[in-house]
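The values are calculated or read from the model by the stated rules, or taken from the named source; none is laboratory data. Here the structure is a predicted model, which is why all the values come from computation and not from measurement. Please note: Cβ atoms are built from the backbone with ideal geometry, for glycine as well, and neighbour counts cover all protein chains shown.
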Amino acid sequence: MTKLPTGWIEKPLAKIVRLGSGGTPQAKNPAYYGGDIPWAIIGDLCDGPVSVTQNTITQLGLDRSSAKVVPADTILLGMYGSIGKLGIASMPMATNQAIATMQVGDELEFRYLFYYLLSQRSRLDREGKGATQRNISQTILRPWPVRFPVDLVEQQRIIGILEDHFSRLDAADAYIDSARRRAENLDSQLLVTQLAVLGTQEVRFGELLSTGLSNGKSVPTQDGGFPVLRLTALRDGRIDLTERKDGAWTAADAARFMVRRGDFLIARGNGSRRLVGRGGLVRDAPDAVAFPDTLIRARPDLGRIDPEFLALVWNAPMIRRQIEAAAKTTAGIYKVNQKDLAEIRVPLPSLADQTRVARAVQESRDALSRLAVEVDRVNYRSLALRRSVLIAAFSGRLTSQSIYARDIGDLISV
């Protein structure tokens, strides 16, 4: 760590807070739950005030467990799984054992400790141990060094500047999130808007194919065997030809299941109704590869339907509603068959209009993709600024006129 600023000291966490943790009443006893005592778990921690908890317990549940009620303004810190996740109790509440509770003494403003621990999250996370779930314990927390100015007024000044900077960042993040949502809404309306101005007829999907629908084949994995696509090859309306495995069959065995450019592959089943029947177009000329039993192959009649138009319309709401209504569930898996798919009604403008619509929608989606990349860049910059502000705050370098205020303002103008 850097040298302490003048007027600052460093103490172990356990010397400046009352450190504790909670407990869990016996889960199978209904008399312990549903009472009027808020009971926080890590999922309730939101890196801010905790005013509502998913669960409550009764006085009996509190008395017969190691759970304890802590007062408002207690700092809550996740120790299991989401290490370093934070909250501030907005009211008296109990917690489970996965949360460390910290009641702050007279030396420290509780909000100062909250922001300080936020700055320590990555370091705390590195202390986690465990194979399936990484955890820390109070043994790690007790000696954890906390740096702070002795003067409470200076602590309050730092809190005020931090909250001013973070409120600006929150406003920038909200603006960017709103832009992302508007872009997503625009994307969902693009095709609908294009089709609304055209004359279309509804045609059975089975009538738009050059050959009948065809199921793939289930093939065990075998190193060095003939390649077959995986279901995960189906991505965002296209087929990723790199998503494959070696199968226990020969090229002769796979001959009837070969994939070619322009094929449209449809998911036969999925645990989610939202994903069953999704389709993807083979846009590139593939090397020798077959399709599996988890996919159904459709070969569009190029005299009736443009494959790029099919790829757009198939995953749109007007088709999805029909597929989801037709899907049947067996053992938790939603499935569609060839007969179901052949009966799907496809809105069909002229071939020339199909090509024009596909091109216009794709150009708009390309622009939206570029916007999404920019939004991700701005979000990353926002996170970096938050980290920088925290580092500056706890090294004594943060002022209200710092460069961060200008950087935060720049986010909104991107």
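Any idea which of (1) surrounded by 12 or more Cβ atoms within 10 Å (Cβ to Cβ); (2) over 29 Å from PRO349 (Cα atoms) is the one GLU207 doesn't satisfy?
(2)
Looking only at segment 232-247, count every residue that is without any contact (Cβ under 8 Å) to a residue 40 or more places away in the chain and of a type in the set (A, V, I, L, M, F, W, C) and tell me the total.
Total satisfying the criteria: 0.
Out of LEU312, LEU383, LEU398, LEU411, which single residue is assigned to a helix (DSSP H, G or I), modelled with pLDDT under 85 and either under 32 Å from the mean Cα position of the chain (by Cα) or within 30 Å of LYS11 (Cβ to Cβ) (or both)? Even if it seems obvious, please write down each step before you answer.
Values: LEU312 fails: modelled with pLDDT under 85; LEU383 fails: modelled with pLDDT under 85; LEU398 fails: assigned to a helix (DSSP H, G or I).
Sole residue among the options that is assigned to a helix (DSSP H, G or I), modelled with pLDDT under 85 and either under 32 Å from the mean Cα position of the chain (by Cα) or within 30 Å of LYS11 (Cβ to Cβ) (or both): LEU411.
I'm checking my understanding of the structure. Among residues of segment 271-284 that are touching a residue at least 60 places away in the same chain (Cβ under 8 Å) and surrounded by 14 or more Cβ atoms within 10 Å (Cβ to Cβ), which one is farthest from the chain's Cα centre (by Cα)?
As a first pass, look at segment 271-284 and keep what is touching a residue at least 60 places away in the same chain (Cβ under 8 Å): 271-273, 276-277.
From the residues that got through so far, the ones that are surrounded by 14 or more Cβ atoms within 10 Å (Cβ to Cβ) too are 273, 276-277.
Values: ARG273: 19, VAL276: 21, GLY277: 23 Å.
Checking each candidate, the answer is GLY277.
Does VAL17 satisfy the criteria of being in contact with a Leu (Cβ under 8 Å, 6 or more places away or on another chain), within 29 Å of GLN156 (Cβ to Cβ), β-branched (Val, Ile, Thr) and surrounded by fewer than 19 Cβ atoms within 10 Å (Cβ to Cβ)?
Values: in contact with a Leu (Cβ under 8 Å, 6 or more places away or on another chain): yes; within 29 Å of GLN156 (Cβ to Cβ): yes; β-branched (Val, Ile, Thr): yes; surrounded by fewer than 19 Cβ atoms within 10 Å (Cβ to Cβ): no.
Answer is no for this residue.
If you check ALA131, ALA100, which single one turns out to be in contact with a Ser or Thr (Cβ under 6 Å, 6 or more places away or on another chain) and not polar (S, T, N, Q)?
Going through ALA131, ALA100 in turn, the sole match is ALA100.
So for segment 211-231 (the condition being crowded, with 18+ Cβ neighbours inside 10 Å, without any contact (Cβ under 8 Å) to a residue 60 or more places away in the chain and over 30 Å from ARG111 (Cβ atoms)), does at least one residue qualify?
The answer is yes; a qualifying residue exists.
Do the conditions hold for ARG274, that is, is it among the basic types (Lys, Arg) and modelled with pLDDT of 95 or more? Steps first, please.
Details: among the basic types (Lys, Arg): yes; modelled with pLDDT of 95 or more: no.
No: the conditions fail for ARG274.
Are there any pairs with C-beta distances below 9 angstrom linking a residue in segment 19-48 that is farther than 14 Å from VAL69 by Cβ and free of Cβ contacts under 8 Å to residues at least 12 places away in the same chain to a residue that is exposed (fewer than 14 other Cβ atoms within 10 Å of the Cβ) and of a type in the set (Asp, Glu), with the two at least 6 apart or on different chains, and if so which?
Filtered contacts from segment 19-48: no entries.
Would you mind finding the one in ARG256, ARG268, ARG261 that is within 31 Å of the chain's Cα centre (by Cα) and assigned by TED's automatic domain parsing to the domain that holds SER214? Break it down into steps so the answer makes sense when it comes.
Working: ARG256 fails: within 31 Å of the chain's Cα centre (by Cα); ARG261 fails: within 31 Å of the chain's Cα centre (by Cα).
Just a single option satisfies the conditions, and that option is ARG268.
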